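Below is one structure, written out as C-alpha cells; comments come after it.
Just so it is clear, none of the values below were taken in a lab; they were calculated from the coordinates. The structure displayed is predicted, hence computed values, not measured ones. Glycine also receives a Cβ, built like all others from the backbone with ideal geometry; neighbour counts cover every protein chain displayed.
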Amino acid sequence: MHALTANLESELVRRAGGNESGNRGRRVASVFLSEAAATFERNRPTLKALSERYRLGIVSNFYGNLEAVCDSAGLCSFFEVFVDSHCVGAEKPDPAIFRAALEGLRATPEETVFIGDSLRRDREGARRMGMRFIWIAPHDVQSKQSGQQAVTDLRDLTKFLQ
C-alpha cells in the first residue's frame, strides 16, 4: 500500500498546485487509503473463499495500473484476470471490456455473474453481454431502485451464488 499511498498523494498535490492545497491532498489521500485498506482487510476472507470456488476477475474503468494497484493491496492472488479500460481501449458499459474479461476467464456470459456498484456502467454492460448482475450498494441507495438483486456488503454475496 505504501507505493499506492505515495502515488495518490503526489497526484493530488500535483493537481492541487499549492502548499495548503497539497496538505489537503495528503489528508484526502490518507483518509481514502485508510478506508480502502480497511475494506480490503474486511473483504480478504470473502475473496479468498470465492476464489477457491470460482474464477474471479476485475473489470474496471481504470488508468493502466489496475493490476499494480491490486498487487500493492495484496489482492492479486484472488483474481485470474485484471481488465483495465485504459489497456483494453474500451470502458464499461462497452461490451468489448466485458468480452476481454470473459476470454481471460475462459467463461461464457451465461455462466458468469458480474458484481458491480454502478447501474449505468456495470449493470448495463452485463445486460448487453447477457450476464447475470448483482449490485453492491448501500441500503439507502438500493431503496431507490426496486427489483434489482443487491447486496450491501461483499460478504453477503454467498447467499446469491449458492
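Amide hydrogen proximity for L56: with H placed 1.01 Å from N in the peptide plane, the residues at 5 or more positions away or on another chain lying under 5 Å are E80.
The loop-placed trypsin sites (Lys or Arg not before Pro) in the range 87-144, going by DSSP, that have at most 15 neighbouring Cβ atoms within 10 Å of their Cβ come out as R106, K144. Taking 21 Å as the straight-line reach from the Cα of K159, the lysines in range (excluding those fewer than 8 positions away in the same chain) are K48. Based on the alpha-carbon gyration tensor of the range 75-162 and its eigenvalue square roots a ≥ b ≥ c, which shape applies: rounded if a/c is under 1.5, prolate if not and a/b is larger than b/c, or oblate? It comes out prolate by the Cα gyration axes.
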